[in-house]
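Structure first, commentary second.
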Amino acid sequence: MSHCRKGNLSHFAVTIIGKDRPGIVADTAEVLYRLGCNVEDSSCTMLGGEFAMILIVSHEKPFSKKKLEAEFGLKNLDTGLSAFIRSLKDDEVCYLQPSGELCLVSVYGSDKPGIVYRVTRELAERGVNITDLNTKLIGSPEEPVYVLMLEAALPPEMSVDDASALLEKLKKELSVEISVRLITPVSL
């Protein structure tokens, strides 16, 4: 199920990246608040020493991308943040409800190039939509362990057992442990 926002609103995807420090979210929210923007959706995380944030914001029409870029440009001169703004069309601002089962795929193993690519390619070729993905390097410098956790919406004809079976061959090829389990969506 999906519904799209229409009407008298302009929508933008705002991406913020910068060296992690307290106040990045507040600085971003301040710019949006002063401009009269509404934050409709957002996600942020710290990766290494960098902080990354993406927001879907709206403002009553007429409102230009240039105004957002100018205000973030001024703020970012002081803060060292980088901002990228993309205008969204009405049909790009749809909130999609996954149609199939949601599952969590966990991958653990020795760190090596190709783990994310091989797992995500296998899923993509079967029509699986990845809705969230996180990776971490844990263990010691001598024995690093790579952890990949992803949330995926399975196509209606695919079960969690099917998803587990299709990743089975990668366990041997990549020398990793892979588990797939059903998850229940959490509503905020």
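Is it the case, given these coordinates, that residue 150 is assigned to a strand (DSSP E or B) and modelled with pLDDT of 95 or more? Here the answer is yes, as residue 150 does meet what is asked. Restricting region 8-40 to residues that are touching a Phe, Trp or Tyr at 6+ places or on another chain (Cβ under 7 Å) and closer than 20 Å to residue 93 by Cα, the residue that is surrounded by the fewest Cβ atoms within 10 Å (Cβ to Cβ) is 15.
Would it be correct to say that residue 71 is outside the structural domain of residue 176 (by TED's automatic domain parsing), touching a helix residue (DSSP H, G or I) at 6+ places or on another chain (Cβ under 7 Å) and at pLDDT 90 or above?
Values: outside the structural domain of residue 176 (by TED's automatic domain parsing): yes; touching a helix residue (DSSP H, G or I) at 6+ places or on another chain (Cβ under 7 Å): yes; at pLDDT 90 or above: yes.
Yes.
Looking across region 138-163, the residues that are under 15 Å from residue 100 (Cα atoms) and surrounded by 12 or more Cβ atoms within 10 Å (Cβ to Cβ) come down to 151, 152, 153, 154, 155, 158, 159, 160, 162, 163. Is it the case that region 57-64 has a residue that's surrounded by fewer than 16 Cβ atoms within 10 Å (Cβ to Cβ) and among the small types (Gly, Ala, Ser)? Scanning region 57-64 turns up at least one residue that is surrounded by fewer than 16 Cβ atoms within 10 Å (Cβ to Cβ) and among the small types (Gly, Ala, Ser). When region 153-188 is filtered for residues that are in a strand (DSSP E or B) and more than 16 Å from residue 108 (Cβ to Cβ), the ones remaining, listed by number, are 153, 182.
Residue 100 falls short on exactly one of the conditions (1) out of contact with any Gly (no Cβ under 7 Å at 6 or more places or on another chain); (2) under 21 Å from residue 47 (Cα atoms); (3) not in a helix (DSSP H, G or I), and that condition is (2). Residues in region 46-74 that are in contact (Cβ under 8 Å) with a residue 40 or more places away in the chain, touching a strand residue (DSSP E or B) at 6+ places or on another chain (Cβ under 7 Å) and not in a strand (DSSP E or B): 61, 63, 65, 68, 72. In the condition set (1) surrounded by 12 or more Cβ atoms within 10 Å (Cβ to Cβ); (2) under 30 Å from residue 171 (Cα atoms), residue 48 is compliant with all but (1).
Does residue 81 satisfy the criteria of being closer than 28 Å to residue 21 by Cβ, touching a Gly at 6+ places or on another chain (Cβ under 8 Å) and not hydroxyl-bearing (Ser, Thr, Tyr)?
Details: closer than 28 Å to residue 21 by Cβ: yes; touching a Gly at 6+ places or on another chain (Cβ under 8 Å): yes; not hydroxyl-bearing (Ser, Thr, Tyr): yes.
Criteria met by residue 81.
The values are calculated or read from the model by the stated rules, or taken from the named source; none is laboratory data. From a predicted model like this one, the values you see are computed outputs, not experimental measurements. Backbone-built Cβ (ideal geometry, glycine too); neighbour counts: all protein chains shown.
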